[in-house]
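Here the structure comes first, spelled out in structure tokens, and everything after it is commentary.
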Amino acid sequence: MSKVIQIVEDDPKSLKLIRDLLLSSGYTIIEATDGRQGVELAKAQKPDLIFMDIQMPVMDGLEATKILKADGETKDIPIIALTAYAMKEDEAKVLQAGCDGYMTKPIDIKRFLKKAEEYLSGHTGHTLNEL
Ligand code: MN
């Protein structure tokens with residue numbers, strides 16, 4: 001059975017790019033376009049991994065992550081934040097909210113797929129850094 005990846009992204013172009021990449025790699029995709037929808041979908045479907053945009057209407061990705069990480073049923077789902085700018089303070093904010101990882105947009109296709117594989121297999125950056 002293929003792994004289920006949830007994308008939470010309000011920008012249609014980014015959503016399409018990420019969806020196409022992950023579908024072509026054989027993953028099953030579920031989607032939400034704002035933080036509130038993202039929380040509801042994750043609670044209902046329990047995906048294996050979540051890519052979470054940060055700037056979104058209704059509820060942003062930081063708030064959505066905090067809610068999912070505070071819930072025993074969803075706290076173990078890895079969440080990788082997607083954010084438009086690479087600034088140290090944003091990295092601190094996403095990690096503080098409980099995100100397990102962080103990628104900046106525009107995404108690098110190779111790194112993106114590698115990151116997805118790593119998190120799905122439990123071999124996250126922390127583990128790799130210790131080798
Ligand atoms: Mn956005």
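Here, each number is a calculation from the coordinates, and none is a lab measurement. The shown structure was predicted, so the numbers you read here are calculated from the model rather than taken from an experiment. Cβ coordinates were reconstructed from backbone atoms using ideal geometry, including for glycine residues, and neighbour counts include every protein chain displayed.
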Dimensionless Rg ratio for segment 1-61, taking C-alpha atoms and the 2.2 N^0.38 Å reference: 1.04
Size of electric dipole in the chain: Cβ of Lys, Arg +1 and of Asp, Glu -1, about Cα centre, debye, nearest 20: 240 debye
Nearby aspartates and glutamates by direct alpha-carbon distance to K93 (threshold 20 angstrom, same-chain neighbours under 8 apart not counted): E9, D10, D34, D53, D60, E63, D71, D76
Cα-centred dipole magnitude for segment 1-74, charges only on beta-carbon of K, R (+1) and D, E (-1), debye, nearest 20: 220 debye
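Could you calculate the FRET efficiency of K16 with M59 from 1/(1 + (r/R0)^6), where r is the beta carbon distance between them and R0 is 22 Å, rounded to 0.05?
Values: r = 22 Å, r/R0 = 0.99.
My answer for the efficiency is 0.50.
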Computed P(r) (all Cα pairs; segment 10-127; 5 Å bins; percent): 2, 11, 24, 27, 23, 11, 2
Pairs from K66/K114; K69/K105; K46/K88; K43/K66 whose Cα-Cα separation, in the structure shown, is over 21 Å: K66/K114; K69/K105; K46/K88
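Compute the relative contact order of the chain as a whole-number percentage, counting only Cα pairs closer than 8 Å that sit 6 or more residues apart in sequence.
Numbers: 203 pairs, mean separation 27.4, N = 131.
In percent, rounded to a whole number, it is 21.
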Burial order of peptide ranges 73-84, 58-69, 106-117 (average beta-carbon count within 10 Å, highest first): 58-69, 73-84, 106-117
